[in-house]
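Note sheet for the following structure.
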Amino acid sequence: MNPSSSQSPRPRASLHTLGCRLNQSETHALREKLTEAGYEIVPFGQEAELGIINTCTVTAQADSKCRQTIRNFVKRNPEAYTAVVGCYSQMGAKEVADISGVDLIVGNQDKLGVLDYIGDRTKNELPVIVREKIDKRDFTMNFAGERPFNQRANLKVQDGCDFVCSFCIIPFARGRARSRDLADLLREVDSQVSRGVRELVLTGVNIGTYANSGLDVLGLVDALDQVDGLDRIRISSIEPTTVPWQLFERMADPDHTLLPYLHLPLQSGSDRILKEMRRRYDRTEWADFVQRAAEAVPDIFVGTDVMVGFPGETEEDFQDTCQLLLDNPVAWAHVFTYSERDGTLAARRDDHVPMTERHRRSARLRALAERLRHRWHSEHLGREMRVLFEDPREGIAPGLTDNYVRVVVPMDNPLSVRNRLGRVRLQRVSADFVEGELVEVLG
């Protein structure tokens, strides 16, 4: 099929996101730009004239998944113009260029301007690589969306990181810490709310370092709280040493839009490993912080990230991590298996944990994470809680409570509560959600 001979009145574009919420937010911005440029957006995997794949490089497994996704798209759409953007394009451009059928590779500095490099979608004999040095200055995104959108939306407020943990490639892939211009950010918020968005999830690499127009992260949260029509604000993840205590006052205030949700990376429960990771806290400081949050904010959700198999990690170090999670009010743990990243300090070490042992420990910790989630869900049974309902499915209405309990409500007409708030009585724990009964629709 010649790309210019599509039966569709508009060229079709297909997008795919790998990785974090920050990538999801950027892909959404790209989708809006494509729509403005006259493209019809089709689900990834369907026939398209243009494919854009927004990539991740946080682990070797992420790199492999990126390559597999690119090859699958090219196989299904051999004549489509294929653009690969994002973190893997920034760090692994050569590997991406070796994949047959790729036309364009764009790093993080220019990925939101990828359309400027695509032109008329004429395929290239060799891929064009655009991988500029990442700007250190604060940024704008010039978001301009027109299509209806509702429920939760990711809002990019920050990018990059200056902490440079010994295992992490992200400061090299995304550059130094920088913040989004406040006026540009608020313009997007107004646009999202006018299109039906009721909850915004703040995303970034190191959100707690936000600083623009005289506001820090606390000032940003308060500025968003003043936006008419916005019901809920959730911070996706925040480093322990960057959280101002006043955030807990906002979370505990029922009249504030900031939700009682805290995702606080731990990485390891061993002080020795934390020091070698170049983290900025020890296990006692992290635990004290979690306990203080739980005391200040009733029903707060506390999630975390944990890395397994960092070089030199012993069985005792691993047990310290497991015990620290069990001893604290943690509702969920996202488990990462350590992966060597060229260019990081940890990759140069000669005491790497065997991969079989990394996988064994990861499996044990994921089982523990499931126990934590079951414990968290069980604590809420019999209670009535506020839920924002998401995309309905046949016979059920799924949604999230303010403190991140995933709820499913069986009902005959789930469309009637789509993107609405309701009060739900939580009744039964089932797999990774809680089944509930709708008590009333709140609005």
Within the group 224, 220, which residue is touching a residue at least 60 places away in the same chain (Cβ under 8 Å) and either farther than 21 Å from residue 153 by Cβ or of a type in the set (A, V, I, L, M, F, W, C) (or both)?
-> 220
Among the strands (runs of 3 or more DSSP E) contained in the range 332-443, which hold 2 or more residues that are within 29 Å of residue 196 (Cα to Cα) and either basic (Lys, Arg) or open to solvent by 40 Å² or more (accessible area, probe 1.4 Å) (or both)?
-> 384-389, 406-410, 421-430, 433-441
Residue count, the range 45-65, condition in a strand (DSSP E or B) and either open to solvent by less than 60 Å² (accessible area, probe 1.4 Å) or small (Gly, Ala, Ser) (or both), comes to 6
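The values are calculated or read from the model by the stated rules, or taken from the named source; none is laboratory data. If you're wondering where the values come from, they're calculated on a predicted model, not measured in any experiment. Note that we place each Cβ from the backbone using ideal geometry, even for glycine, and neighbour counts take in every protein chain shown. Just the protein is used for accessible areas: all its heavy atoms, side chains included, with ligands, DNA and RNA removed. Shrake-Rupley method; radii C 1.70, N 1.55, O 1.52, S 1.80 Å.
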